[in-house]
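Working notes for the structure below.
The values are calculated or read from the model by the stated rules, or taken from the named source; none is laboratory data. Here the structure is a predicted model, which is why all the values come from computation and not from measurement. Because the Cβ atoms are built from the backbone with ideal geometry, glycine has one as well, and the counts that use them run over all protein chains shown. Side chains are part of the model used for accessible areas, which takes the heavy atoms of the whole protein and leaves out ligands, DNA and RNA. Shrake-Rupley method; radii C 1.70, N 1.55, O 1.52, S 1.80 Å.
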Amino acid sequence: MVNDDLLDQLQCGHLAELQARYESVLASHGYDAVLISSGAAPLRFADDQGYHFQGYGPFVHWTGLVGAEHAWLLIRPERKPLLQLHTPVDFWHATAELPQAAWVTAVELAGSADGVPPLTAGCGRLAVLGDPALLQAVAGDHNPPALVADIEATRVHKTDYEIACLAEANARAAPGHRAARQVFLAGGSEFAIGLAYQQATGQREVEAPYHSIIGLNDHAGILHYQFYDQVSPELPRSLLIDAGYRFRGYCSDITRTWAGPQQGPFQALIVALEALQKRLCQAVASGVDFVALHRKTHLGLAALLDSAGLVQGLDDEAMVTAGITRAFFPHGLGHLLGVQVHDVGGKPVPPPVDAPFLRMTRTLEAGMVVTIEPGLYFIPSLLAPLLTGPLSAHMNRRLLDALMPCGGIRIEDNVLVTADGPRNLTREQLP
């Protein structure tokens, strides 16, 4: 576990760095201050219950307060940030208390019973960021696009505090992944595996950074599988678990795939894909074009398909050019990670045509944290054109049919780019 005193020290440095970054952004766009709304959960249609709330990214970036609704943060040059939390008198719900942590000495802290924005008279030219539905009565320029883009870019390079939080989020997710594997091998259902993950991490599903993906057998081939089957399959062939932990607002995003008993060919593919994934993690370095790394993944996957006998009679380049590897690996290699799982700022330019779902188009630089998550899936709707089209003679139908019930494989680590090479935050805890 991370040392709390060290974290407090790092957090104060983090806030000082954000102050400097924001002052630079405000000056470059001609603004004197920026007011940031934390947001609030809207009510469901025709209901008196709200959606689950997670705070607006820039607010969380400063405060780490993911669940603070109707809160406001005012940033002004050469002054302490003003953090106003919503502290209503409410006998229905537990209300927020003003934090007592060491970092609050770096801000001007206030409570508000009604949640209205703080007074901004005298702030000069003001930008206001947040959910437009909550800003209608707030004076200032709402979400100016150029300013928002540069504010989001302040999250691309992580401070030492952010790196410590991301490392801790990985550490706290690791026991959940180990527990999930144990329950799977014992014949547990997706629901039982999900409960085991929560029990081992000590974090409720709604507090986690995203809804955990827990897919047994063919469900592992649904990229964002969202259900938890309460009945165990008669034959547990595979488990794909994509689950993380949120620590002080920062997210881990980890995926592991396990083979069931007597699934030798599928286990061999897991070993091969993990070897590729580890090579890709080692390739993470300052100056590396992430789009090029994504394309390198497809070449590696083509070599794997050939060596496994899944595709025959084509060289690696031909497989990639023909779109065969995209049928087995349809998503992007990874994305930035921070206070959002798919953190902002990763796509200053759109992804290329051959990688439409890629969430990262930057050249890697020290201080970035990215996920590296190659996959190999047996998705019927994507493989059908290959099995019935002009490339069918190259496809090993018998072996594909045997592997289809296993769903697929994804292996995902969280990797920090440093000046000296990659630091794999996940493998430090979960080999």
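Here are the numbers for this structure:
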| item | result |
| --- | --- |
| Candidate set from region 245-260 (those that are part of a strand (DSSP E or B) and basic (Lys, Arg)); member that is nearest to residue 174 (Cα to Cα) | 256 |
| Of all residues making up region 183-197, the number that are outside any loop (DSSP other than H, G, I, E, B), without any contact (Cβ under 8 Å) to a residue 40 or more places away in the chain and either surrounded by fewer than 19 Cβ atoms within 10 Å (Cβ to Cβ) or in contact with a Cys (Cβ under 8 Å, 6 or more places away or on another chain) (or both) | 2 |
| Members of region 167-182 that are over 17 Å from the mean Cα position of the chain (by Cα) and surrounded by fewer than 22 Cβ atoms within 10 Å (Cβ to Cβ) | 175, 178, 179, 181, 182 |
| Number of positions in region 275-300 that are in a helix (DSSP H, G or I) and either hydrophobic (A, V, I, L, M, F, W, C) or open to solvent by 40 Å² or more (accessible area, probe 1.4 Å) (or both) | 14 |
| Residue check for residue 348: part of a loop (DSSP other than H, G, I, E, B) and surrounded by fewer than 20 Cβ atoms within 10 Å (Cβ to Cβ) | yes |
| Selected residue [among the β-branched types (Val, Ile, Thr) and open to solvent by 10 Å² or more (accessible area, probe 1.4 Å)] from 60, 34, 89 | 89 |
| Top-ranked residue of region 360-397 - restricted to ones that are assigned to a helix (DSSP H, G or I) and of a type outside the set (A, V, I, L, M), ranked as nearest to residue 238 (Cα to Cα) | 380 |
| Selected residue (criterion: nearest to residue 83 (Cα to Cα)) from residues of region 9-65 that are among the aliphatic types (A, V, I, L, M) and over 27 Å from the mean Cα position of the chain (by Cα) | 33 |
| Filter result (touching a strand residue (DSSP E or B) at 6+ places or on another chain (Cβ under 7 Å) and over 30 Å from residue 250 (Cβ atoms)) within region 305-344 | 305, 311, 319, 324, 328 |
| Tally of residues being open to solvent by less than 10 Å² (accessible area, probe 1.4 Å) and out of contact with any strand residue (DSSP E or B) (no Cβ under 7 Å at 6 or more places or on another chain) across region 357-384 | 3 |
| Residue 267 vs. criteria without any contact (Cβ under 8 Å) to a residue 12 or more places away in the chain and in a helix (DSSP H, G or I) | yes |
| Scope region 392-431; condition open to solvent by 40 Å² or more (accessible area, probe 1.4 Å) and in contact with a strand residue (DSSP E or B) (Cβ under 8 Å, 6 or more places away or on another chain); matching residues | 394, 422, 423, 427 |
| Single residue of 119, 129 found to be under 18 Å from residue 56 (Cβ atoms) and either out of contact with any Asp or Glu (no Cβ under 6 Å at 6 or more places or on another chain) or open to solvent by less than 20 Å² (accessible area, probe 1.4 Å) (or both) | 129 |
| Set 303, 272, 318: member being in a helix (DSSP H, G or I), under 27 Å from the mean Cα position of the chain (by Cα) and free of Cβ contacts under 8 Å to residues at least 60 places away in the same chain | 272 |
